[in-house]
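Only one structure is covered here, and it is reproduced in the block below.
The values are calculated or read from the model by the stated rules, or taken from the named source; none is laboratory data. Bear in mind the structure is a predicted one, so any value in this text is a computation, not a measurement. In this analysis, Cβ positions are derived from the backbone assuming ideal geometry, glycine residues included, and neighbour counts consider all displayed protein chains. We work out accessible area using only protein heavy atoms, side chains counted, and drop any ligands, DNA or RNA first. Shrake-Rupley method; radii C 1.70, N 1.55, O 1.52, S 1.80 Å.
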Amino acid sequence: MAYTYDDQNVFAKILRGEIPNDTVLETAHSLAFRDINAQAPTHVLVIPKGRYVNFDHFAAEATEAEIVDFIRAVGEVCRIEGVAADRGEGYRLIANAGRHGVQEVPHLHVHVIGGRVLGRMLPAAG
Ligand code: 5GP
């Protein structure tokens, strides 16, 4: 099944400059900005600039330059936010995909969350 990208999703609008964002880092292929509804003192979203719906789409179709840039951008955000585990207290990365992942915005994003103890990874099944 082919991946279908919706150019009207809110992160596409952010990338086009149609919606403002609080930028943490911009690189050649990636943008990192603060989540509008932060769940912790650090809550940054890292997105590729390319039209990728989710992580598996990105892994399958992104160029190596895009993949390297994106992964390094995530690491750089951890350092900028002071949560990188060599100096800070650590963080959690989350990439929701699809219906079971309860993905709200259909443009790949990794949540970088930290600044407090985050509790168990998942709530009890229910
Ligand atoms: P998802 O559930 O898709 O993994 O997460 C989407 C995230 O995008 C949510 O945490 C939500 O708060 C955030 N978000 C939705 N709309 C906007 C927006 O317009 N600006 C920013 N900065 N974040 C947004």
Some residue of region 97-107 being open to solvent by 60 Å² or more (accessible area, probe 1.4 Å) and among the aliphatic types (A, V, I, L, M): yes
Subset of region 7-23 [under 14 Å from the mean Cα position of the chain (by Cα) and assigned to a helix (DSSP H, G or I)]: V10, F11, A12, I14, L15
Subset of region 16-30 that is in contact (Cβ under 8 Å) with a residue 40 or more places away in the chain and surrounded by 12 or more Cβ atoms within 10 Å (Cβ to Cβ) - its residue that is nearest to the ligand (Cβ to nearest atom): V24
Every residue from region 31-53 that is more than 8 Å from the ligand (Cβ to nearest atom) and touching a residue at least 60 places away in the same chain (Cβ under 8 Å): A32, A40, P41, T42, V44, V46, I47, P48
Top-ranked residue of region 1-15 - restricted to ones that are within 13 Å of the ligand (Cβ to nearest atom) and open to solvent by less than 40 Å² (accessible area, probe 1.4 Å), ranked as nearest to L45 (Cα to Cα): F11
